[in-house]
Structure formats: structure tokens, C-alpha cells
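Student: Structure incoming, see below.
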Amino acid sequence: MKACTWLGGGNFEFGDVPDPAVGPDDVLIRIGTVGVCGTDVHITQGLFPSTPPKILGHEASGEIVDVGRNVSRDRIGESVVLNHSTSCGECESCLDWTVSRCERNTQVAAFFAELASVPDQSAIPVPDGLDVEIASITEPASCCLSGVSRLQIDDGAIGLVIGGGIMGLMTAAFLKTHGVKTVAISEPVGFRRDFAAQLGVDVVHDPAESNLEDFVAELTKGRGLHIAAEAVGKPELVAKCVELVRPRGQVLMIGVSPQGSPLPVDLYDMQYREVVLQSAFGRGDVFNRTPGELMKLNLDGVISARYALEEVPQAIKDSGEGKGVKLVIKPNG
Ligand SMILES: [Zn+2]
Ligand SMILES: [Zn+2]
């Protein structure tokens, strides 16, 4: 099969590699769509730990084309979205933390390729009515859904998301579908603000038009936000969220700040106002139910550009420059 192998830094090699082995409990996937993730960008910039050479890509959907001997042949032909780790349901992480941090994970994601072999349990059916290409955003969306699921949402809550990349957009959309009465997003790029409105976000803020503090004061009649989510990955914006919430408000960390970042807040103020700091990193326990949650949203146009498999380096570069909402690779054309 063809694959795009990361060699370190910004270097990739496109070419033939052996087809993946299909073990007895595995399914073989013809990858239809695989998203370019901020993590892929950070890996090539040295900001996220990873050791080359390896095939990157962990946000895929496609079709089952073969199965191992322990898997029902009825699955052949199924449209699926791929989880990228397994869970045993028995280890301490599975029991006390989350299945997506299973200590006995047996899977590696390598989806910038024509084919992938994954354990049967990691191939989740795409529900009828959800476009299989759009279903490729399940992985990033599940990280947002996991974060939103960790919040306490009261009647009449007002929430703000800072940052309208795919993570901020999905967080805002799920705040809305999970009962936050008024959801706002602050994002400098116009087409992202427009997409937020399509997803049901009530109020959009352009930081070029007014400052965020004034916007929030007006939105909340000076009381502050119930929920403020940071979806950029900048410590100073997490600190801004702490300032913008009301007493006992909740701050949700969705964006990933660089390792080693301190949180630049006045701890006395944060404690005095009894601010709750909540966070999510990864899919938590919600991956399998995320496709169903995506069906509640109008996601037309979420995929801004499609690239061939040999264009992975360009797609990663474009993604790093903030082009589009979601950029995807089409390994099989
Ligand atoms: Zn991702
Ligand atoms: Zn486990």
C-alpha cells in the first residue's frame, strides 16, 4: 500500500510500505478520510513528543474491507470511524480514570495510509444519516464532548469559548446541545465565526471589534460567565477565562498549552471567587457515542479542503497556518 511516513521535523516520505497485518481480532480498513490534527502539526514542530520514523494520522473514517478470523464477516462493507486506542475495561486507568488511557492499549494509529488494521473494538459504525467523510471528525469532537461532559451545567448558563478552530467550534456546539442557554465564541477569523453560527452558537465576538472584557460584561450584565472554555492552548487565555467567570464559575481547558507552562493567575482572586478549573485531554469515555452527538449538528462545510496522500506535508503546513476549519487527507482519492 501507499503511505506517507514521517521522518522527523517537517520531512515525510511518500511511497510503498507493506500492507498492515490483520490479526485474528482485527479489521482491515480502506481509509476514506483522515483529518490533519493540531497534534500532527505539533509533532512536526517538535512540540509534541513522538519518535520517527512513523506513519502519523489518528482521525480516520473508512470502510471495512477484510476481517480477522475471530470477527464476523458481516462487518465487511461497514462504514466506520476509527478509535485509535483499545481499552481492557479492567486496569486501574480504565476503572478509575478513563478507557482512553488504558494501560494495556495494544493499538497504534497510523492512518496517513491507504489501509489500516485496527482491533475490531476500535472500528465504530457510522450511524445512518451521518456522512462518513464528516464522521472523520469524531476523534477531535470526542475530546470536546469529553470536556463538556465534565461540566456542571445549570439552567440559564452563559458560556464562552475562546478560539474558533475545530476544537473551539465543537466545544461551543456541544455546550449548546448540552443545555448551556447562551453560548458565545470569540474568534478573529470571519469564516470561523460564521461556521460557529451554523453550529448553533448564539453570539460571536470578533476581537478586532471590541475587547473581550467589555463583550463579556455586556453579555452577562456584569456578572461574569458561568463557563469559559479555552480552546487555543495559551496560558494567558486560560488565565483570562479565570478572570471572566463569575463566582463559582467553571473554566474548561480544551486547548493544550506547551509543556512547562505556568498558569499566570492571581490565586487569591481565583480562590476567593471559588473558581473551578476543569480540563480534558483526549477522548475520555465518550468516543463511541460521539457520532450520535454529531448527528445533532449541521456540519455541512466543516471540511474545508481535501488533499491527496502525497500532499500530507502541505496539508500539515496549511493546518499549522490556520487555513480552513478542518483539512483532511483522502488516501484513496
Ligand atoms: Zn486529533
Ligand atoms: Zn485498561
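Student: When the residues of the range 114-126 are filtered to those that are more than 17 Å from residue 137 (Cα to Cα) and away from ligand 1 (no atom under 16 Å from the Cβ), which remaining residue is most open to solvent (accessible area, probe 1.4 Å)?
Tutor: Ranking the candidates gives 121 first.
Student: Can you name the residue in the range 267-312 that is without any contact (Cβ under 8 Å) to a residue 24 or more places away in the chain and polar (S, T, N, Q) and is also surrounded by the fewest Cβ atoms within 10 Å (Cβ to Cβ) among such residues?
Tutor: 271
Student: Can residue 168 be described as over 20 Å from the mean Cα position of the chain (by Cα) and outside any strand (DSSP E or B)?
Tutor: Working: over 20 Å from the mean Cα position of the chain (by Cα): no; outside any strand (DSSP E or B): yes.
Judged against the criteria, residue 168 is not a match.
Student: Here's a check for you: in the range 26-43, which residue that is within 14 Å of ligand 1 (Cβ to nearest atom) and touching a helix residue (DSSP H, G or I) at 6+ places or on another chain (Cβ under 6 Å) is farthest from residue 85 (Cα to Cα)?
Tutor: 41
Student: What residue, among those in the range 58-77 that are open to solvent by 20 Å² or more (accessible area, probe 1.4 Å) and farther than 16 Å from residue 25 by Cα, is nearest to ligand 1 (Cβ to nearest atom)?
Tutor: Result: 58.
Student: Sort through 164, 190, 159 and tell me the only one that's of a type outside the set (Asp, Glu), away from ligand 1 (no atom under 16 Å from the Cβ) and open to solvent by 10 Å² or more (accessible area, probe 1.4 Å).
Tutor: Values: 164 fails: open to solvent by 10 Å² or more (accessible area, probe 1.4 Å); 159 fails: open to solvent by 10 Å² or more (accessible area, probe 1.4 Å).
Testing whether each residue is of a type outside the set (Asp, Glu), away from ligand 1 (no atom under 16 Å from the Cβ) and open to solvent by 10 Å² or more (accessible area, probe 1.4 Å) leaves just 190.
Student: I've got another one for you. Can you tell which of 130, 47, 95 is assigned to a loop (DSSP other than H, G, I, E, B) and open to solvent by 50 Å² or more (accessible area, probe 1.4 Å)? Steps first, please.
Tutor: On the way: 130 fails: open to solvent by 50 Å² or more (accessible area, probe 1.4 Å); 95 fails: assigned to a loop (DSSP other than H, G, I, E, B).
Residue meeting the stated conditions: 47.
Student: Would you be able to tell me the number of residues in the range 65-93 that are in contact with a Ser or Thr (Cβ under 8 Å, 6 or more places away or on another chain) and over 16 Å from residue 106 (Cα atoms)?
Tutor: Pass one, the range 65-93, residues in contact with a Ser or Thr (Cβ under 8 Å, 6 or more places away or on another chain): 79-87.
Next, only the ones that are over 16 Å from residue 106 (Cα atoms) stay: 79-81.
Residues that pass the stated criteria total 3.
Student: Which one of the conditions (1) away from ligand 1 (no atom under 16 Å from the Cβ); (2) touching a helix residue (DSSP H, G or I) at 6+ places or on another chain (Cβ under 8 Å); (3) not acidic (Asp, Glu) does residue 50 fail to meet, given that it meets all the rest?
Tutor: (1)
Student: Suppose the filter is within 13 Å of residue 26 (Cβ to Cβ), away from ligand 2 (no atom under 16 Å from the Cβ) and out of contact with any Pro (no Cβ under 7 Å at 6 or more places or on another chain); does residue 123 pass it? It would help to see each step written out before you state the result.
Tutor: Working: within 13 Å of residue 26 (Cβ to Cβ): yes; away from ligand 2 (no atom under 16 Å from the Cβ): yes; out of contact with any Pro (no Cβ under 7 Å at 6 or more places or on another chain): yes.
Yes.
Student: Related question: Determine whether residue 219 is within 23 Å of residue 152 (Cβ to Cβ) and within 18 Å of the chain's Cα centre (by Cα).
Tutor: It is false that residue 219 is within 23 Å of residue 152 (Cβ to Cβ) and within 18 Å of the chain's Cα centre (by Cα).
The values are calculated or read from the model by the stated rules, or taken from the named source; none is laboratory data. Treat the numbers as computed from the prediction; the structure is a model and nothing was measured. Don't worry about glycine lacking a Cβ; one is built from the backbone with ideal geometry, like all the others, and counts go over all protein chains shown. When the accessible area is computed, the model is the full protein with side chains, heavy atoms only, and any ligands, DNA or RNA have been set aside. Shrake-Rupley method; radii C 1.70, N 1.55, O 1.52, S 1.80 Å.
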